[in-house]
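Heads up: the structure comes next, in structure tokens.
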Amino acid sequence: MAKPKKPRASAPDPPAAAARLPWHPPAPPVPTALLISLAALLIRVLVSVGPYSGQGAAPKFGDYEAQRHWMELTLHLPPSDWYRNTSDNDLAYWGLDYPPLSAYQSLLHGRIINASLPEAVALRSSRGYESPESKLLMRWTVLSSDLLVFFPAALWFVWAYMKGGIGISREERREGWMWLLAMVLISPCLVLIDHGHFQFNCISLGLTLGAIAGVLSRNELVAAALFTLAINHKQMSLYFAPAFFSHLLGKCLKRKYPIVEVMKLAFVVLGTFALVWWPFLHSYEAALQVISRLAPFERGIYEDYVANFWCSTSVIIKWKILFEIKPLKLMSLSATILAFLPSFVQQIKSPSNLGFLYSLMNSSFSFYLFSYQVHEKSILLPLLPASLLALKEPQMYGWFVYFALFSMYPLICRDQLLLQYIAVLGLFFLIYYSPGGSHGKRLKISCMAKVVLSLPFICSLLLHIVYLQIEPPKRYRFLFDAMIVFVSFSQFVILTLYTNYKQWMLDTHSRSIGVKKNL
């Protein structure tokens, strides 16, 4: 007689911590992420109460008027006249000089404002229009753009970064996501430029951030489409192009059918370009008219005081006097390519997610330091990948934020945003040094190195006061601007050398791990 089988005892449920595999971290708790987002939104609202670029400064005003004027133009003129000099579109008065997606954004916002306050965007008669109502509506266009584009992209990036555990420990994956999200969302430079000075960098940077999150989450076709949209919103997004190209090409070359993979990406990029540029593809002349507005070579290799190579060295070498535009373009192009080439080669050779983030910073820094006609606000581009590396490189990020903001100090003073500058910088570092942050990671550097690093910081503190309190000599009206530029430039050079070194050291680190595994 067969013995009856004993019923199997069911295994006890594993504890919650054990059930969560280390490569599947918990999703950020919604209430906490929402609170951080609301705090970041509140900071933007408070900054937006203050002045803006060119407020009351006739006859051309500033960037606020430029954005309002583009809404006026796109609302009342056909696309064929947006980039062309006509009786209704004087290109000398804030002519549209961003790609078509930026024009579509101006059209959408123009329609929203026209529905509530048509006199603010009336053709011709609205030039220099300023009122409390129009300021409120204009500010809301930026806030809504930030909420709809940059905020979701930041949340997606943090989720993808934590899920991949890119260059961070298990504890940092569990505890550090809140700090990282705060660092990305509460970026002093972006907040002051978009919501104080008045621009829409949150759209192009948000699209780029979404593309980065797409790469990290292996949605590469989505990433290609988003990055193409970023380029078509602001051409400065091309600063990131070498990093995206080298990383995706490096991945494609390591797959079974590399040509097919490259063709899929190319199809998405070309298709997205065609959709955005469709109204301007009916003739070669129309497309060329847009392209000519995107490359302002006639302005010279630099315009305002910007902490890059050409402006910083112009005290010694008078680039604009010694060279014509054509050789300057060639020198600028060569220097930019040479600067990003090491990072570019490393990603084709050994593509990795962490290397990709370093490459984004190195590529954008190369363009900022050496490309043609760079503005001081372009420092926002290398700041984006630096914020994404905040958990991995907290000291580097904190140092970079301070000097990036310092490099824009003259612009902030012209816009009368000094109070906002102090408040946002103070709040940022209050969060940066909060318990649970990653600032506690200590760099092993000598006392001599600490002394050397403290010198530019002390100089910057002195220049903050000197710039406001002391009148420069009449012969050298921009003496203090030049000093601010040079101090900031010196730190940017050190930072880009450091991040290039860290990117190339990833290969050495991965080889050493491989050797240990073989042993």
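Structure above, values below:
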| read-out | value |
| --- | --- |
| Test: Phe370 is modelled with pLDDT of 95 or more and open to solvent by less than 10 Å² (accessible area, probe 1.4 Å) | no |
| Segment 468-499: number of residues that are buried (at least 17 other Cβ atoms within 10 Å of the Cβ), more than 23 Å from the chain's Cα centre (by Cα) and of a type in the set (Phe, Trp, Tyr) | 1 |
| Selection count, segment 34-81, where residues are at pLDDT 95 or above and among the basic types (Lys, Arg) | 2 |
| Answer residue from segment 334-367, given it is of a type in the set (Phe, Trp, Tyr) and under 15 Å from Asp507 (Cα atoms) and is most open to solvent (accessible area, probe 1.4 Å) among those | Phe344 |
| Selection count where residues are open to solvent by less than 10 Å² (accessible area, probe 1.4 Å) and more than 9 Å from Met71 (Cα to Cα), scope segment 102-112 | 1 |
| The listed residue being touching a residue at least 40 places away in the same chain (Cβ under 8 Å) and closer than 26 Å to Leu181 by Cα, out of Lys329, Lys349, Lys392 | Lys392 |
| Phe157 being in contact (Cβ under 8 Å) with a residue 24 or more places away in the chain, under 28 Å from Gly54 (Cα atoms), open to solvent by less than 50 Å² (accessible area, probe 1.4 Å) and in a helix (DSSP H, G or I) | no |
| Within segment 334-345, tally of residues that are more than 21 Å from the chain's Cα centre (by Cα) and hydrophobic (A, V, I, L, M, F, W, C) | 3 |
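The values are calculated or read from the model by the stated rules, or taken from the named source; none is laboratory data. On a predicted model such as this, the values are computed, not experimentally measured, just so you know. Because the Cβ atoms are built from the backbone with ideal geometry, glycine has one as well, and the counts that use them run over all protein chains shown. These accessible areas exclude ligands, DNA and RNA; they are computed on the full protein's heavy atoms, side chains included. Shrake-Rupley method; radii C 1.70, N 1.55, O 1.52, S 1.80 Å.
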